[in-house]
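Nothing in this text is a laboratory measurement; each read-out follows from the coordinates by a stated rule. In this text, all values refer to a predicted model and were calculated from it rather than measured experimentally. In this analysis, Cβ positions are derived from the backbone assuming ideal geometry, glycine residues included, and neighbour counts consider all displayed protein chains.
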Amino acid sequence: MQDLITAKRCFTSFLNQCERLALLHSEDIEIFHREVKQTKNMREEKIARFKREKQLNEQLNQLNKNRKDVQKQIDNGYIVSQSTEEEDTEFDDEEKQRELYLLLIKLATLKSMEELAATESEEDMLVQIEKMKASNGGKLAKEEKPKEKFQNFTLLPSDAVKREQLKKNVFKPGYPLPTMTVEEWADQQMELGLLPSPGQQPTNNNQKKKEKTDEPTDAEVYKSRAWDDYKDDNPKGAGNKNDNYFRR
């Protein structure tokens with residue numbers, strides 16, 4: 001707690017000096033002298049402060065880049081650095097130095113405003129904790145969680161058959177197991193007539209089909225007779241009027 005009070009005193013002293021030297025932004029001055037915290041506009045104030053911090057960082061980076069470019073030219077001999085009592089080089093220009101310091105101070109004011117707000121919030125929290133300890137004999141009261149009601153449950157069913165089935169499934173593999181043996185499957189197929197009995201010879205279905213196909217049907221007989229009649233009426237070479245094709 002004492003460290004927070006010391007940090008808060010240092011931040012407040014620094015911001016007071018910046019305000020006296022007109023280095024503190026107008027929005028930060030209004031927030032700094034605010035007696036009551038306003039959580040309503042806190043988000044908008046943080047966004048505005050972040051935008052100003054981003055702009056200051058860009059200016060600082062550009063200024064450092066220009067100084068490095070000038071120093072690089074001096075080191076390469078493109079600019080002869082000759083300091084006299086009357087004038088200095090651009091690298092040692094007081095205006096550039098002053099601009100650099102002002103940017104650093106403004107960035108420090110923004111950081112100080114953020115740290116001051118965080119310090120005050122933490123201080124309020126510690127004050128509340130001390131009050132809670134004082135009202136509870138120097139200790140924090142633990143919140144009692146509501147007890148969960150456990151329902152009765154059984155690990156195994158009371159039925160002996162189901163218990164035995166669960167017992168068998170303990171070391172059961174993850175893939176499905178066969179439900180019957182090969183002998184049981186063969187008996188089932190013989191009952192359905194899909195497999196021959198042990199004393200019965202298997203019938204060849206292809207042979208039965210061949211025997212059936214050897215006997216011509218009525219349609220095939222009629223077609224064969226019509227073809228014979230056509231050949232009788234139209235002998236070979238009847239369409240060759242000049243009789244030249246078969247004499248070659």
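Suppose R0 equals 51 Å; then what is the FRET efficiency for GLN188 and ASP233 from their Cβ-Cβ distance, rounded to the nearest 0.05?
Numbers: r = 62 Å, r/R0 = 1.22.
The formula returns an efficiency of 0.25 here.
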**Fill in**
Scalar couplings 3J(HN,Hα) for the stretch 171-188 by Karplus 6.51 cos²θ - 1.76 cosθ + 1.60 (θ = phi - 60°), nearest whole Hz, x for Gly and Pro, are 9, 6, x, x, 8, x, 8, x, 9, 8, 7, 5, 5, 5, 5, 5, 4, 5
